[in-house]
1. When Lys and Arg each count +1 and Asp and Glu each count -1, what net charge do the other residues less than 10 Å away from residue 238, Cβ to Cβ, add up to?
2. What shape does the stretch 3-137 take by its C-alpha gyration tensor, where a ≥ b ≥ c are the square roots of the eigenvalues and a/c under 1.5 counts as rounded, a/b above b/c as prolate, and the rest as oblate?
3. Work out how much length residue 335 to residue 117 would gain on full extension: take 0.36 nm times their residue separation and subtract the Cα-Cα distance, in nm to one decimal.
4. Order these peptides, 95-101, 371-377, by their mean beta-carbon neighbour count within 10 angstrom, highest first.
5. With r as the distance between the Cβ atoms of residue 54 and residue 139 and R0 = 25 Å, compute the FRET efficiency 1/(1 + (r/R0)^6) and round to 0.05.
6. Taking 4 °C and 1.567 mPa s as the conditions, I'd like the Stokes-Einstein D for the chain in µm²/s, using the Kirkwood hydrodynamic radius from alpha carbon pairs.
7. What does the stretch 277-436 give for Rg and for Dmax, in Å, if only its C-alpha atoms count?
8. Can you give me the angle between helix 493-509 and the longest principal axis of the chain, using Cα atoms only, in degrees from 0 to 90, rounded to the nearest 10?
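Every read-out reported here was derived from the displayed coordinates using simple, explicitly stated rules and does not represent laboratory data. Please read all numbers here as calculations on a predicted model, not as lab measurements. Cβ atoms come from the backbone with ideal geometry, glycine included; neighbour counts cover every protein chain shown.
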Amino acid sequence: MDKSKELYYYSLLEDMTDMMNDPDNFDRDAFIRVLTRFAEMFNVAKGVTEFYMSLTDEQNGYGEKLIDYDNGHGDKEIIRRRIVAHSGVVLICTFYAAEDAPELPEEDLKKLDLIARMILGLVSRNRLIGVVEKLGFSDEQGYPNYRTFLRYIQAVNSDGTLGGRIAFKYNLKHFGLVNQDVGRAIGDVVMRNHFELVSSVVGNRGIVCRMGGDNFIGMLDRKDLSSLLDTLKGVPIVYDKSNQKRVMVRASVGIFELPTPYRFDDPDDLMDVLMPAASIAKNGSGDGIVFADDKFMKMKQNSMMVQRNFPTALAENEFLPYYQPQVDITTGKTVGAEALCRWKKDGRLIMPGQFIPVLEQSTDICLLDFYMLDAVCRDIRRWMDEGSPIVRVSVNMSRKHLIDVDFTDHLTAIIDRRQIPREYIEIEFTETVDNAGFGELKQVVEKLRAAGIYTSVDDFGAGYTSLALLSDIPWNIIKIDRSFLPVQGKDDRDILLPIMKHIALIADELGMSCVVEGVETQEHEDIMREYNCRIAQGFYYHRPMPVTDFEELLLEENG
Ligand code: C2E
Ligand code: MG
Ligand code: MG
């Protein structure tokens with residue numbers, strides 16, 4: 001080989017090495033060009049690479065055969081190189097010459113062999129990356145998976161351009177029902193079409209990946225957010241084009257608008273914000289769209305604080321009953337009280353609004369309710385022992401208790417253990433936004449009544465006000481929600497007051513007494529007189545107070 005040919009050979013080898021070192025930008029055309037030059041140089045008529053995923057595939061001939069170069073002049077094998085990679089993948093590179101071509105000198109064969117090995121190195125690297133991509137970055141149905149998402153956000157993170165983008169995670173609502181409706185196979189088509197639709201909204205400005213099941217995660221440009229939300233709120237997905245069969249697909253979604261600038265040390269930092277928003281979107285009572293904004297983060301922090309501290313707080317008696325008197329407006333005297341929970345933590349009083357809703361998310365609320373009932377029984381026991389005046393005390397019970405079949409037994413056991421006459425205790429259940437568990441509620445109230453314990457329906461009129469709740473359940477007391485009373489400056493009494501009037505009448509008819517909640521003014525008291533409601537609970541008379549203050553009040557009134 002003369003000098004200039006030798007130089008040319010090395011420059012081509014260099015081109016090939018460059019390609020090997022930069023497999024991400026592999027350009028097949030450039031590769032073929034280099035191969036063609038080599039072929040011409042060594043009188044090669046045809047170059048073929050073969051690729052098999054495994055030895056078995058090779059034996060069975062299941063693989064890919066790529067003809068890299070072919071001038072149509074021959075198939076006399078001159079060089080054949082075969083490698084088996086660690087992963088078990090088999091690669092073969094073969095060069096052919098024309099039948100009548102002269103034998104190549106030893107030196108040229110060596111050079112050609114080097115080329116064959118380089119081709120294998122290059123192909124294996126590219127193909128293996130392809131295989132690894134397929135196995136590692138998409139799921140069994142071919143959706144890009146969570147690792148693809150991580151790789152994407154890590155890349156954007158290192159570019160420093162995460163700030164201002166939107167991370168989102170969504171869950172298809174009731175997709176099990178869609179599967180039931182149209183069958184699993186068509187369900188897959190629906191999911192795929194929905195995914196394609198979301199992907200088209202996101203475009204090449206972001207990414208959407210499947211996390212598993214009907215959970216998806218992605219990132220998009222701020223300007224595409226409203227289109228995304230429109231799509232996720234609900235879109236009809238066509239699954240049979242021939243007769244336009246469609247199914248409605250809705251999703252719940254958690255959204256995290258990344259601040260500008262934003263950079264994470266660990267992708268978990270981002271996930272720690274996004275995931276809770278998505279989970280509340282999925283399980284909460286709202287419209288299924290939850291933004292992980294400052295308000296949300298504070299809420300999240302608060303609920304973590306409550307959950308973390310609850311067990312010790314309970315063990316250390318940090319929860320206290322405060323007593324709010326219920327007043328007979330005709331005499332001005334206290335005729336009952338409601339026990340309201342306060343959490344005394346590090347010398348500070350925490351109000352129930354901050355911890356009850358958190359505890360309501362688990363059965364922790366039941367522990368607190370029984371604790372409160374016991375604390376109230378302890379106070380009443382003391383009043384009895386000291387010969388102090390006593391009124392009936394009502395205790396709030398979460399509806400979560402209704403799943404406990406032995407609830408009434410647990411409750412009476414607490415009262416009886418302190419030997420408290422049962423008529424001193426009243427149990428409040430709130431009316432809820434829906435009517436779930438109506439049957440259980442009815443049973444429990446009937447059992448409590450039979451056990452001689454008073455019951456009341458709390459916040460009546462605030463939620464899903466159902467007259468069946470009054471006519472079918474034998475309550476002793478209806479607590480009329482304060483939302484019926486006019487608010488200063490807001491003139492809606494015309495609509496609400498007639499309803500309140502009739503609730504009071506119905507209660508009377510059914511032999512139940514009424515307590516009006518949230519009585520704050522003389523005007524409110526006047527309304528009560530007009531409607532013959534006698535018992536009031538509200539700031540106009542007393543705020544909830546510590547037990548010692550309450551004892552003093554009773555002593556004063558009876559002294
Ligand atoms: P609730 O059972 O309806 O209790 C009445 C709430 O209204 C109390 O709030 C009371 O302070 C407030 N209130 C009383 N009079 C007035 C008034 O004139 N104006 C206004 N604006 N508000 C008034 P609190 O103590 O913050 O309790 C809030 C809720 O937390 C309670 O509403 C009850 O649903 C729940 N809760 C409190 N303690 C317990 C408990 O031990 N167990 C359970 N399950 N829930 C509890
Ligand atoms: Mg109450
Ligand atoms: Mg109430």
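1. Taking every other residue near residue 238 into account, the sum is +2.
2. Oblate is the answer for the stretch 3-137, as a/c is 1.5 or above yet b/c matches or exceeds a/b.
3. Between residue 335 and residue 117, full extension yields an extra 68.8 nm.
4. Working: 95-101: 17.9, 371-377: 19.7.
Ranking, from highest mean packing down: 371-377, 95-101.
5. Working from the Cβ atoms, E equals 0.70.
6. Roughly 42 µm²/s, to the nearest whole number.
7. When restricted to the Cα atoms of the stretch 277-436, Rg and Dmax are 18.0, 56 Å.
8. Approximately 60 degrees, to the nearest ten.
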